[in-house]
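Have a look at the structure below, then the notes.
The values are calculated or read from the model by the stated rules, or taken from the named source; none is laboratory data. Worth saying up front: this structure is predicted, and the values here are computed from it rather than measured. Note that we place each Cβ from the backbone using ideal geometry, even for glycine, and neighbour counts take in every protein chain shown. Only protein heavy atoms, including side chains, enter the accessible area calculation; ligands, DNA and RNA are left aside. Shrake-Rupley method; radii C 1.70, N 1.55, O 1.52, S 1.80 Å.
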Amino acid sequence: MKRLISETALQRCHRRRRGALFHYYMMYLLLSSVLLTTAGMSIHAVLKADRIDSVMARDLHSLLRLDGQLRRDTVRSSRCECTPLVLTVPGHDETDIRWTIDGNVARREVISQSTIQSTDRYVFRKGTRLQFEQAEQRVSLTVFNPPVNESDEKNDPGGPASSVQIVMWLDPPSDASGDTSGDDS
């Protein structure tokens, strides 16, 4: 009789567990979907950060090239003509160097006898503004960068933008007498 009781108890327990396999599968699907969603969001964040990093690296590379060339052009110059969109630096051997700004592109042109000898372009990402300024013995180029994150741009288009200013000092004009030592003796 004892054996009969234990078999009936076993049958009752088996009947109660009959739907448990379905619940195990549902829990397995729930946990695996949570893990896959988390992995997908992590991969998306990594790819987005990589894209932003490559955009910033491209902008920085263009900015460094522009900075170096602009400094080489103005290193021995004592005068220049400047407007917010055009900078003209008189060069050597009757050549002039003209920098023009068109939106997010800075263009350098070497002009000799009213003909363009060479042209270089420095392209920045969309939304970047460039502007020349001149004050007494210095010329500066200000680069206004747009926000990097698209969500910042959508929420606040005039939002937190960074700016970089490249300042070049011009050589002081030389005396008519040619004496630059400052010594009166």
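For segment 103-116, how many residues are under 20 Å from Thr74 (Cα atoms) and surrounded by 11 or more Cβ atoms within 10 Å (Cβ to Cβ)?
So the count comes out to 8.
Cβ-Cβ under 6 Å, sequence separation 6+ or interchain: first residue in segment 113-134 and more than 19 Å from Pro84 (Cβ to Cβ) and part of a strand (DSSP E or B), partner of a type in the set (Asp, Glu) and open to solvent by less than 50 Å² (accessible area, probe 1.4 Å). Which pairs?
Close Cβ pairs (under 6 Å, with a partner that is of a type in the set (Asp, Glu) and open to solvent by less than 50 Å² (accessible area, probe 1.4 Å)) amount to Ile116/Glu109; Thr119/Glu109.
Of everything in segment 101-117, what is of a type in the set (Val, Ile, Thr) and within 27 Å of Arg58 (Cβ to Cβ)? Give them in sequence order.
Ile101, Val105, Val110, Ile116
Quick one: count up the residues across segment 68-102 that are touching a Ser or Thr at 6+ places or on another chain (Cβ under 8 Å), closer than 18 Å to Leu130 by Cα and open to solvent by 30 Å² or more (accessible area, probe 1.4 Å).
Count: 5.
Can you name every residue in segment 49-72 that is touching a Leu at 6+ places or on another chain (Cβ under 9 Å) and not aliphatic (A, V, I, L, M)? Lay out the reasoning, then the answer.
Step one: list which residues in segment 49-72 are touching a Leu at 6+ places or on another chain (Cβ under 9 Å), which gives 66-67, 70.
Within segment 49-72, just Asp67 meets the criteria.
Scan segment 78-92 for residues that are touching a Cys at 6+ places or on another chain (Cβ under 9 Å) and under 15 Å from Thr142 (Cβ atoms) and jot them down.
Leu87
Here are some conditions: (1) within 30 Å of Leu170 (Cβ to Cβ); (2) modelled with pLDDT of 90 or more. Leu35 meets all but one. Which one does it not meet?
Condition (1) is where Leu35 drops out.
Is it the case that segment 84-105 has a residue that's touching a Lys or Arg at 6+ places or on another chain (Cβ under 9 Å), assigned to a strand (DSSP E or B) and among the small types (Gly, Ala, Ser)?
Scanning segment 84-105 turns up no residue that is touching a Lys or Arg at 6+ places or on another chain (Cβ under 9 Å), assigned to a strand (DSSP E or B) and among the small types (Gly, Ala, Ser).
Mind listing whichever residues of segment 119-135 are touching an Asp or Glu at 6+ places or on another chain (Cβ under 7 Å), over 15 Å from Asp67 (Cα atoms) and open to solvent by less than 50 Å² (accessible area, probe 1.4 Å)?
Arg125 - this is the single residue of segment 119-135 that is touching an Asp or Glu at 6+ places or on another chain (Cβ under 7 Å), over 15 Å from Asp67 (Cα atoms) and open to solvent by less than 50 Å² (accessible area, probe 1.4 Å).
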